[in-house]
1. Which one of these does residue 100 not meet: (1) buried (at least 16 other Cβ atoms within 10 Å of the Cβ); (2) in contact (Cβ under 8 Å) with a residue 24 or more places away in the chain; (3) within 23 Å of the chain's Cα centre (by Cα)?
2. Of the numbered conditions (1) of a type in the set (A, V, I, L, M, F, W, C); (2) farther than 30 Å from residue 116 by Cβ; (3) at pLDDT 55 or above; (4) open to solvent by 70 Å² or more (accessible area, probe 1.4 Å), residue 77 satisfies every one except a single condition; which is it?
3. Of all residues in region 80-94, count the ones that are open to solvent by less than 90 Å² (accessible area, probe 1.4 Å), touching a helix residue (DSSP H, G or I) at 6+ places or on another chain (Cβ under 7 Å), in a helix (DSSP H, G or I) and not small (Gly, Ala, Ser).
4. Looking only at region 37-71, which residues are open to solvent by less than 60 Å² (accessible area, probe 1.4 Å) and either at pLDDT below 90 or over 30 Å from residue 110 (Cα atoms) (or both)?
5. Being open to solvent by less than 70 Å² (accessible area, probe 1.4 Å), at pLDDT below 95 and of a type in the set (Asp, Glu), is that true of even one residue in region 120-139?
6. Being within 30 Å of residue 59 (Cα to Cα), hydrophobic (A, V, I, L, M, F, W, C), in a helix (DSSP H, G or I) and in contact (Cβ under 8 Å) with a residue 40 or more places away in the chain is true for just one of 133, 107. Which residue is that?
Amino acid sequence: TEIGSPPSSPPPVADAAATTAATASTDSSLEFTRTTPAMTPVKTQRDLRDQRTKIADEILDTERSYVANVQLIVTAFMHPLMNHARASTALQEKQVQIIFSNIEMVLNLNRELLAGIEAQMLPAVATDRRRKLRNERQERRDSE
């Protein structure tokens, strides 16, 4: 063949996987053609599903941890300081409210977010949690 002219036939191919790879590289319509037995679309979908599950579990664990930590702040610090402020002249309730701002609203919002996440991931757990949250909200309304 002359320089610059196309080859008359493709080079010899060693095996079927290389043939598939060579064909796929010259024809873009064969983009999803299997190149090796280990790289199948089913395995790729399984890997993606596993990755999504791990990410969702991480989000759920993080939200649970966050809610538990905010709850700890409210019960271990805010409520005792508020009780102290009611009994003392050194610290006023308004000061405690300024320090903790809207932390109870944040806690309630994140509890509901956690319940929603659990509803998508753990239907049985979420049903119990939502029922408990509804009861807590109703009790707060009734006490106000």
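The values are calculated or read from the model by the stated rules, or taken from the named source; none is laboratory data. From a predicted model like this one, the values you see are computed outputs, not experimental measurements. Ideal geometry is used to build each Cβ from the backbone, glycine not excepted, and the neighbour counts take in all protein chains shown. Areas reflect the complete protein model, heavy atoms only, side chains present, ligands, DNA and RNA absent. Shrake-Rupley method; radii C 1.70, N 1.55, O 1.52, S 1.80 Å.
1. Against the list (1) buried (at least 16 other Cβ atoms within 10 Å of the Cβ); (2) in contact (Cβ under 8 Å) with a residue 24 or more places away in the chain; (3) within 23 Å of the chain's Cα centre (by Cα), residue 100 comes up short only on (3).
2. Of (1) of a type in the set (A, V, I, L, M, F, W, C); (2) farther than 30 Å from residue 116 by Cβ; (3) at pLDDT 55 or above; (4) open to solvent by 70 Å² or more (accessible area, probe 1.4 Å), only one is false for residue 77: (2).
3. Residues that pass the stated criteria total 3.
4. Correct list: 40, 44, 56.
5. Looking for residues that are open to solvent by less than 70 Å² (accessible area, probe 1.4 Å), at pLDDT below 95 and of a type in the set (Asp, Glu), one finds at least one in region 120-139, hence yes.
6. Numbers: 133 fails: in contact (Cβ under 8 Å) with a residue 40 or more places away in the chain.
None of the other options fit; the residue is 107.
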